[in-house]
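Enquirer: For reference, the structure I am asking about is given below.
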Amino acid sequence: QAKQNGRNGFQLFNPQLQSKAEKRLELENHLRRALERGELSLHYQPQVNTRKRRVIGVEALLRWNHTSWGPVSPATFIPIAEETGLILPIGDWVLNEACRQTQSWIDDGLPPMTVSVNISARQLQQPDFISLVRNALRASRLPARLLELELTESLTMDRTTSSEVIRRLKQLGVGIAIDDFGTGYSSLHYLKHLSINRLKIDQSFIRDLLADQNDQDIVKAIVTMSHSLGIEVIAEGVEATEQVRFLEQHGCDQVQGFLFSRPLPAEAVPAFLRK
Ligand code: C2E
Ligand code: MG
Ligand code: MG
Ligand code: MG
C-alpha cells in the first residue's frame, strides 16, 4: 500500500489530486534516481526439477523499494522503464548484479545453478548488447552456460535483428528462454528459426490447469512439441501439488512457483538451497 504522503510532502497515488499523467511523470522522475539511491534490488525465485524436486536454477526478479513509498510493483514500473529507456541502464545493472550474486554463491560453496535474467526488447535492440553480456560474464567470472536470458515476444522487435542477436548470444554460450510462452505475438516463429533452450509456459495456462481441459491439452501439446524440437519446458506460476503431479506426468521438465518458494531476497537463498 502506497503512503499518501511522500517525504517531501507531495501526494502519491492519489486519484483525487493527480491525473494519471502526473502520477506517471512522478514515478518516472523517481525511477530515474532509483539506481543511484540504491533502491533497486533483485529477488530470486527457485526453479525446480519436476522429477527430482531439486533446485536447478533461480530467476532474478527486479524489486524497487522506494525510500518513502515502500515497494513499487514491477507491473507498474517495468513498463515505465521500458517506455522511457531507463530499462537500458537498469537492465545492465540487473544483468551484472545477477551474475555477480550467482558466482558469489558458487564461491561460497553452493552447488552451481543457472540464473535467468529477464531482458526487454529494448535491451536486445541495443547495438552493443552482446558486449554488455560479455562484460557482465567477464566481471563476475560466471560461466556463460550458467546464464540464461528470458526473452518475450514483442511487436516492436524486428525479427531479423533479434534472430541475429540471439545467434550471437548462443555463440557466447548463454542459454535463451522464451518467457510467457503462449501469450505473445509470434511464439512459433521463434521455435522455427532460432535455437531456443527453454520455453516457459505462461502462468495463465497453469492457473486453472486442474479444472480446465483446454489448458491441459495446451500444456501437453507444448511439452510434446518442445521436446521434439529439443527444447526444455518449465511451467510458471505453480501453486498446487496436484499441478506438479500433472506436469510431471506429462513430462514438463521444470516447475517454478509459490508452491516451492516466492521470490527470495538474496540473503535468504543459501538457507533455502541447503534445506
Ligand atoms: P515474469 O518474468 O513472467 O516473472 C514471473 C512473475 O510471476 C513474477 O512477478 C513472479 O513473482 C510471479 N510469480 C512467480 N510464481 C508465482 C505463482 O506461483 N503465482 C503467481 N500468481 N505469481 C507468481 P514479478 O516479480 O512481479 O515480475 C513481473 C514481471 O516483471 C516479470 O514477469 C517480468 O516480465 C518483469 N520483470 C521482473 N524483473 C525484471 C527485470 O529485471 N527486467 C525486465 N526487463 N523485466 C523484469
Ligand atoms: Mg521471466
Ligand atoms: Mg513469465
Ligand atoms: Mg515476462
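The values are calculated or read from the model by the stated rules, or taken from the named source; none is laboratory data. What you see is a predicted model, and the numbers here were worked out from it, not measured in a lab. All Cβ positions, even for glycine, are placed from backbone atoms using ideal geometry, and neighbour counts span all protein chains on display. SASA here: full protein model, heavy atoms, side chains in, ligands and nucleic acids out. Shrake-Rupley method; radii C 1.70, N 1.55, O 1.52, S 1.80 Å.
Enquirer: Rounded, prolate or oblate: pick one for the stretch 137-207, where a ≥ b ≥ c are the square roots of the eigenvalues of its C-alpha gyration tensor, a/c under 1.5 means rounded, and failing that, prolate if a/b is larger than b/c, else oblate.
Expert: It is oblate, given that a/c is not under 1.5 and a/b is not larger than b/c.
Enquirer: Then there is this: Please get the size of the charge dipole for the stretch 26-132, origin at its Cα centre, with Cβ charges of +1 on Lys and Arg and -1 on Asp and Glu, quoted in debye to the nearest 20.
Expert: Around 560 debye, computed over the stretch 26-132.
Enquirer: In Å², what does the accessible area per residue of the stretch 51-113 work out to with a 1.4 Å probe?
Expert: 45
Enquirer: Separate question: Kirkwood hydrodynamic radius, the stretch 32-128, all distinct C-alpha pairs: what's the number in Å?
Expert: 14.7
Enquirer: Given the stretch 111-170, report the % of alpha carbon pairs whose separation exceeds 15 Å.
Expert: Here the tail beyond 15 Å accounts for 50 percent of pairs.
Enquirer: Quick one: which residues, 5 or more positions from Ser116 or on another chain, have an amide H under 5 Å from its amide H? H modelled 1.01 Å from N in the peptide plane, none for Pro or chain starts.
Expert: Result for Ser116 returns Val58, Glu59, Ala60, Glu148.
Enquirer: Taking +1 at the Cβ of each Lys and Arg and -1 at the Cβ of each Asp and Glu, which of Pro89, Leu110, Thr50 sits farthest along the dipole of the chain towards its positive end, judged by Cα position relative to the Cα centre?
Expert: Comparing the listed Cα positions along the dipole, Leu110 ranks first.
Enquirer: Related question: Only four residue types carry charge here, +1 at the Cβ of Lys and Arg and -1 at the Cβ of Asp and Glu. Report the dipole size of the stretch 175-275 about the Cα centre in Debye, rounded to the nearest 20.
Expert: Computed charge dipole of the stretch 175-275: roughly 320 debye.
Enquirer: Quick one: putting +1 on the C-beta of Lys and Arg, -1 on the C-beta of Asp and Glu, what dipole do you get for the chain around its Cα centre, in Debye to the nearest 20?
Expert: In total the dipole reaches around 660 debye.
Enquirer: Compare Asp208, Asp108, Asp179 in a GNM of the chain, Cα atoms joined below 10 Å, and give the one with the largest fluctuation.
Expert: Asp108
Enquirer: Rounded to the nearest 10 degrees, what's the angle between the helix 213-228 long axis and the longest principal axis of the chain, both from Cα atoms, 0 to 90?
Expert: Approximately 70 degrees, to the nearest 10.
Enquirer: Quantify, in whole percent, the carbon and sulfur part of the accessible surface of the chain (1.4 Å probe; protein heavy atoms only).
Expert: Solvent-exposed carbon and sulfur of the chain make up 49 percent of the total.
Enquirer: With contacts defined as alpha carbon pairs under 8 Å and 6 or more residues apart, what's the relative contact order of the stretch 117-261 in percent?
Expert: RCO, the stretch 117-261: 17 percent.
Enquirer: Rg (Å, one decimal) plus Dmax (Å, integer) for the alpha carbons of the chain?
Expert: Radius of gyration, then largest Cα-Cα span, for the chain: 19.3, 59 Å.
Enquirer: If we restrict to alpha carbons, what Rg and Dmax does the stretch 234-275 come to, in Å?
Expert: Cα-based Rg and Dmax for the stretch 234-275 come out at 11.7, 35 Å.
Enquirer: Lysine pairs in the chain with alpha-carbon atoms under 16 Å apart, 8 or more places apart or on different chains: how many are there?
Expert: For the chain, qualifying lysine pairs total 4.
Enquirer: Now, a different point. Which of Ala81, Ala240, Ala98 moves the most in a Gaussian network model of the chain with Cα springs under 10 Å?
Expert: Ala240
Enquirer: May I pose another question? What base-10 log of the normalised intensity I(q)/I(0) is obtained for the stretch 111-255 from the Debye formula, alpha carbons as equal point scatterers, at q = 0.18 Å⁻¹?
Expert: So the normalised log intensities are -1.04.
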